[in-house]
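Have a look at the structure below, then the notes.
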Amino acid sequence: MSSQVSLLLNPAFRVAPVRRRTFGAFVEHLGRCVYSGIFEPGHPSADEDGFRTDVLALTRELGVSSVRYPGGNFVSGYKWEDGVGPVEDRPARHDLAWHSTDPNTVGLDEFMTWAKKAEVEPMYAVNLGTRGIEEALDVLQYANSPQGIALSDQRAANGSPEPHGIRMWCLGNEMDGPWQAGHKTAHEYARIATEAARLMRQEDPDLELIACGSSSSSMETFGEWENVVLTEAYDHVDMISAHAYYSEKDGDQASFLASADDMDHFIESVVATADHVRAKLKKDKRIMISFDEWNIWYQHRAESRPPSGDDWPVAPVLLEDTYSAMDAVVFGNLLISLLRHSDRVASASLAQLVNVIAPIMTAPGGASWKQTTFHPFALTSAHARGEVLDVRLDAPSFENTRFGTSSAADAVATWDEESGDLAVFVVNRGNQDALDLDADLSAFGDLELVEALTLHHEDPYAANTESAPETVVPQANDTIRLDGGRLVGSLPEISWSIVRLTRTSA
Ligand code: AHR
């Protein structure tokens, strides 16, 4: 059985320019993300700095624009100084967040070397949990100040004479969460974030500063946290963060498939709160959102449980979720939501990049492979160009426990006026029926179809593994064709598709 999804696209339905920073990711000192993820001296592909070149190549292929570092929960107990200077002098430390030992072989300077090789912009988080304003200023001076003061001279002595020039700085991580080292009330956090931001900007006026928002839309403090923090910090910060993780719970496939409804609600609620503060403080500037942790994460599974007791392993296997075809569809839908909100989401970071809830997996000493989620990210990053267009959509709906009623389809498009390239990203998130696609593209003039790819598997739980890394990959969708100004075809149940078109040359 199938029913229809009608789309209406028009170059006038502009939301905002596509922002490259939408395609950021995250590298935390957690599990095997750093050690045996990006960094593994002795691996056959390791370069002169110990970085896995197979992972570097996959990072570039993924189309990652920026990378947040060094945490996450890890950063709220981190001493950045432990990770600079001669490696043999660096102390090993317990990381309380993940009950692990960090040898500190990789630190700020190594990360910056890796970021250059990966061709990504760095985003750095300071510790406002167990530490404070002084340490935030210290790491800023170490990273960004020209030579001539103690900390920048130390950086030069450590091999980086030129400032690293990091623009995006996170003022702590998830400070609203009771699990966070140095967890704070909204008022406590608002004060320290404001003072850190004010002084950091005195040191370096060009910074883009991100205050901690909510670590989920289900936090009890959600909404009021943003209100309190922005009321205090409005003049001093540029963005407020949002974090969200989704998973299928108790076999409730329908609610999981509709997860992007929560992301839409989350973003729109933070925008409403930020604009309320803007109105009450009579400000001109608008606060943007940094959605700097988002993904599918099965937090209740054993692989997400940190070690305990006397065991403090280095780089344990942690949060190594294997993603299914269905996970990739929900994931692709989350990207649709982020793109659709490009007017206010100025930056986003997929959490995380390698091994830890990641699109890229590695075997220590062995192969690397792409999870199912790699594909929607890489294709969206590669082909979202020009302006983001809102899509008017009419589709059947489905019932689910979490959201009540959700649309069986969701879509966004991008249009590059100059090149004439149009990309349509669409999901069928119903789990029963294929949908007949009928998209009205007549407003774009004459177009030709470049390619139509669909990610779908008859078993929604099928996954890619080291031994079968191509089980779930996007396939050409031969049903999709242009019929005059209409794009028609079929979208299988639980599927994500990209349709690329271009203006026909006269
Ligand atoms: O990405 C995994 C963890 O999720 C991060 O360390 C933390 O910020 C969030 O709770």
For region 27-65, give me each residue that is under 18 Å from the mean Cα position of the chain (by Cα), surrounded by fewer than 23 Cβ atoms within 10 Å (Cβ to Cβ) and not in a helix (DSSP H, G or I).
63, 65
Criterion (on the phi > 0 side of the Ramachandran plot and within 26 Å of the chain's Cα centre (by Cα)) met by exactly one of 165, 148
165
How many residues does region 265-295 contain that are under 13 Å from residue 344 (Cα atoms), among the aliphatic types (A, V, I, L, M) and in a helix (DSSP H, G or I)?
5
Residue selected from region 231-250 under the condition out of contact with any helix residue (DSSP H, G or I) (no Cβ under 6 Å at 6 or more places or on another chain) and acidic (Asp, Glu), by the criterion modelled with the lowest pLDDT:
250
Per the filter on region 68-96, residues in contact with a helix residue (DSSP H, G or I) (Cβ under 6 Å, 6 or more places away or on another chain), within 16 Å of the ligand (Cβ to nearest atom) and hydrophobic (A, V, I, L, M, F, W, C) are 96
State which residue is farthest from the ligand (Cβ to nearest atom) when the search covers only region 248-271 and only residues that are without any contact (Cβ under 8 Å) to a residue 60 or more places away in the chain and over 20 Å from residue 210 (Cα atoms).
251
Criterion (within 16 Å of the ligand (Cβ to nearest atom), part of a loop (DSSP other than H, G, I, E, B) and in contact (Cβ under 8 Å) with a residue 12 or more places away in the chain) met by exactly one of 245, 298
298
Check region 214-227 and report whether any residue there is buried (at least 18 other Cβ atoms within 10 Å of the Cβ), more than 16 Å from the ligand (Cβ to nearest atom), outside any strand (DSSP E or B) and in the same structural domain as residue 72 (by TED's automatic domain parsing).
yes
Any residue that is within 16 Å of the ligand (Cβ to nearest atom), in contact with a helix residue (DSSP H, G or I) (Cβ under 9 Å, 6 or more places away or on another chain) and in contact (Cβ under 8 Å) with a residue 60 or more places away in the chain - is there at least one of those in region 306-316?
no
From the list 342, 381, which one is closer than 20 Å to residue 265 by Cβ, outside any strand (DSSP E or B) and among the polar types (S, T, N, Q)?
342
Among the residues in region 158-167, are any part of a helix (DSSP H, G or I), away from the ligand (no atom under 16 Å from the Cβ) and free of Cβ contacts under 8 Å to residues at least 24 places away in the same chain?
no
Residue check, residue 441 in contact with a Ser or Thr (Cβ under 9 Å, 6 or more places away or on another chain) and among the aliphatic types (A, V, I, L, M)
no
Quickly run through region 341-376 and pick out the residues that are surrounded by 23 or more Cβ atoms within 10 Å (Cβ to Cβ), within 24 Å of residue 299 (Cα to Cα) and away from the ligand (no atom under 13 Å from the Cβ).
348, 359, 360, 361, 362, 371, 372, 373, 374, 375, 376
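Matching residues to (1) at pLDDT below 95; (2) assigned to a strand (DSSP E or B); (3) not assigned by TED's automatic domain parsing to the domain that holds residue 239:
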| position | (1), (2), (3) |
| --- | --- |
| 326 | no, no, no |
| 334 | no, no, no |
| 350 | no, yes, no |
| 366 | no, no, no |
| 414 | no, yes, yes |
| 424 | no, yes, yes |
| 432 | yes, no, yes |
Out of everything in region 272-295 that is of a type in the set (Asp, Glu) and closer than 21 Å to residue 360 by Cα, what residue ends up being farthest from the ligand (Cβ to nearest atom)?
292
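The values are calculated or read from the model by the stated rules, or taken from the named source; none is laboratory data. Small disclaimer: the values here were computed from a predicted structure and weren't measured. Positions of Cβ are backbone-derived with ideal geometry, glycine not excepted, and every protein chain shown enters the neighbour counts.
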